[in-house]
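Peer 1: Shown below is the structure under consideration.
The values are calculated or read from the model by the stated rules, or taken from the named source; none is laboratory data. If you're wondering where the values come from, they're calculated on a predicted model, not measured in any experiment. Reconstructed Cβ throughout: ideal geometry from the backbone, glycine too, with neighbour counts over all protein chains shown. The area values use the complete protein model at the heavy-atom level, side chains included, leaving out ligands, DNA and RNA. Shrake-Rupley method; radii C 1.70, N 1.55, O 1.52, S 1.80 Å.
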Amino acid sequence: MGLFDKLFGGGNKKKVSKETAETRGAHMPDLNIPVDEKFTIHFKKNGGKFLYCDSFSEISQALKNIINENSWQDQSFFALSPTLKEKFSKEKVRFTDKSSQSDVFFTTCEHLVAQNGSILVCSNQLMDKKLNEIPYNVIVFATTSQLVESIGEGLKVIKKKYAGSIPANITTLKHFQATEENSDDFLTYGSSSKNLYLLLLEDL
């Protein structure tokens, strides 16, 4: 099975039928399924592209595939995380601290929210930048331990983790394709659609 064909669990977990996943209305009761499968369904509905990997060597290969697919070999990646830069320092990826010098934002996140398939980020990833100030193309590196059921649960974890110094600029990346439905939704006013890849590493 190729990296781009992998789904969460590599086939070891229960699959949700196509009918169940795709015919439910936006306001129907939430699916009573495991958090990882729920995230997968909503994330893909949002237009996101993810690659599930069992090891960092698979993450490395997936990143190379993304770069080759988009012809980003000569592209410097805009990255704000020193830890992320160090982790990928051997991947022959060039980094820049200026968003104006890149078409790709490479970042970590705080949590992956199953409830709506969004990615929770804050000033640890964005500093003081708004979503419309980062490049259209985004690559997120995350782990399965960052999955949470809801935004509320994610915020509770952040509050506990950063007790006494809660980060600012907390927001979510949710729309990964430009559609009329997204632009007309008042709940997403001020948001910014992104072409987003999720590199997801199994760490549980």
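Peer 1: In 5 Å bins starting at 0, how do the alpha-carbon pair distances of region 68-184 split up by percent?
Peer 2: Result returned by the calculation: 2, 10, 19, 22, 20, 15, 8, 3, 0.
Peer 1: Next question, about the same structure. Explain nothing, just the number: dipole magnitude of region 46-165 about its Cα centre with +1 on each Lys and Arg Cβ and -1 on each Asp and Glu Cβ, in debye rounded to the nearest 20.
Peer 2: Numbers: 14 positive and 13 negative charges, 59 e Å.
The calculated dipole for region 46-165 is roughly 280 debye.
Peer 1: Want the number for SER100 to GLU202: 0.36 nm per residue separation, take away the alpha-carbon distance, what's left?
Peer 2: That pair, SER100 and GLU202, stretches by 33.5 nm at full extension.
Peer 1: Next question, about the same structure. Take the cross-link list LYS38/LYS92; LYS90/LYS160; LYS87/LYS194; LYS129/LYS161; LYS64/LYS161; LYS87/LYS156 and give me the ones stretching past 29 Å between alpha-carbons.
Peer 2: LYS38/LYS92; LYS90/LYS160; LYS64/LYS161
Peer 1: When the Karplus curve 6.51 cos²θ - 1.76 cosθ + 1.60 is applied with θ = phi - 60°, which whole-Hz ³J(HN,Hα) does each residue of region 96-105 get, with x for Gly and Pro?
Peer 2: Once rounded to whole Hz, the list reads 9, 8, 10, 4, 5, 9, 8, 9, 9, 9.
Peer 1: Continuing with this model, one more query. Counting only the heavy atoms of the protein chains, how much of LYS85 is accessible to a 1.4 Å probe, in Å² to the nearest 10?
Peer 2: 50 Å²
Peer 1: Provide the gained length on full extension for the span ASN169 to ASN132, in nm with one decimal, where the gain is 0.36 nm per separating residue minus the Cα-Cα distance.
Peer 2: Details: separation 37, 0.36 × 37 = 13.32 nm, distance 1.32 nm.
Taking ASN169 through ASN132 to full extension adds about 12.0 nm, to one decimal.
Peer 1: Residue by residue through region 126-142, which ³J(HN,Hα) values in whole Hz follow from phi under the Karplus form 6.51 cos²θ - 1.76 cosθ + 1.60 (θ = phi - 60°), with glycine and proline marked x?
Peer 2: 9, 6, 9, 7, 8, 4, 6, 9, 9, x, 5, 8, 10, 10, 10, 9, 9
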